[in-house]
Each structure stands twice: as structure tokens, then as C-alpha cells.
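Everything on this sheet refers to the single structure shown next.
Just so it is clear, none of the values below were taken in a lab; they were calculated from the coordinates. Note that the structure is predicted; figures quoted are calculated from it, not measured. In this analysis, Cβ positions are derived from the backbone assuming ideal geometry, glycine residues included, and neighbour counts consider all displayed protein chains.
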Amino acid sequence: MVCSGLTITDSRLETMFFSKPYLANRQIIIVPDDSFITAISHLSNKKVGFQRGSTAKDALDNHPTLNTLAVPFTPVPFKDNIFAFRQLQAH
């Protein structure tokens, strides 16, 4: 059983049983408080971390604004969100 955010996707439906969704989540991008990044367009030429195996990569790949940046962002997979947050704090 998973009692958390687990996006229902076609591939997951092939191997898992899902109850009726009880929560509507969305993907967000987290930056430090003092960051100049205040809009999606500011991610041009930046590294964007995400949790490996999550639907965050799909969200990045399918985001209409991110796909039109003059200089694309670099996706960086992490083993989990905790490690991604620690890397964000370290930089």
C-alpha cells in the first residue's frame, strides 16, 4: 500500500491497482529563498533535479514553457527527494 503521492500513469495501471484518487497533487520547482529564479523561463541553462523514477521527469519533459527555452535546462536525476534537497542546499 502507498499512502502518499503516487501519480496514476498508464504504465503503473498495468502493474498496480489504484483506488479512487483522494488527492490532487501538482509538480512544483523548489529554489532557495534568495534565488533570482522566479519564473519557469529563468531555468534556461540551469540544472533541474528530480527524483529518479518519479513522474517529475515526465512533467519536465512535457512542460510547454520549458520545451521552448532558447537554452535548455539540464535534468539531473537523484535517488530520492531528500538527496535532491541536500544538493540544493549545498549549492
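Given Thr74, Ala24, Ala39, which one lies farthest toward the positive end of the charge dipole of the chain, if we put +1 on the Cβ of every Lys and Arg and -1 on the Cβ of every Asp and Glu?
Final value for the positive-end residue is Thr74.
Relative contact order of the chain: what whole-number percent is it, with Cα pairs under 8 angstrom and at least 6 residues apart?
Over the chain, the number comes to 28 percent.
Choose one of Phe83, Leu6, Ala56: the residue whose Cα lies farthest towards the positive end of the charge dipole of the chain (beta-carbon charges +1 Lys, Arg; -1 Asp, Glu; about the Cα centre).
About the Cα centre, the residue reaching furthest to the positive side is Phe83.
Can you sort Phe73, Phe85, Phe18 from fewest to most other Cβ atoms within 10 Å of each residue's own Cβ?
With the sparsest Cβ surroundings first, the list reads Phe18, Phe85, Phe73.
Measure of size requested: the Rg and Dmax of the chain, with Cα atoms as the atom set and Å as the unit; please supply both.
14.9, 43
Dipole magnitude of the chain about its Cα centre, charges +1 at Lys/Arg Cβ and -1 at Asp/Glu Cβ only, in debye to the nearest 20?
120 debye
How much length is gained if the chain between Phe18 and Gln87 is pulled fully straight, taking 0.36 nm per residue apart and subtracting their Cα-Cα distance, in nm to one decimal?
Net length gain for the segment: 21.6 nm.
Between Thr65 and Arg52, with labels modelled 7 Å along Cα→Cβ, what's the label distance in nm to one decimal, could you check?
For the pair Thr65/Arg52, the computed spacing is 2.9 nm.
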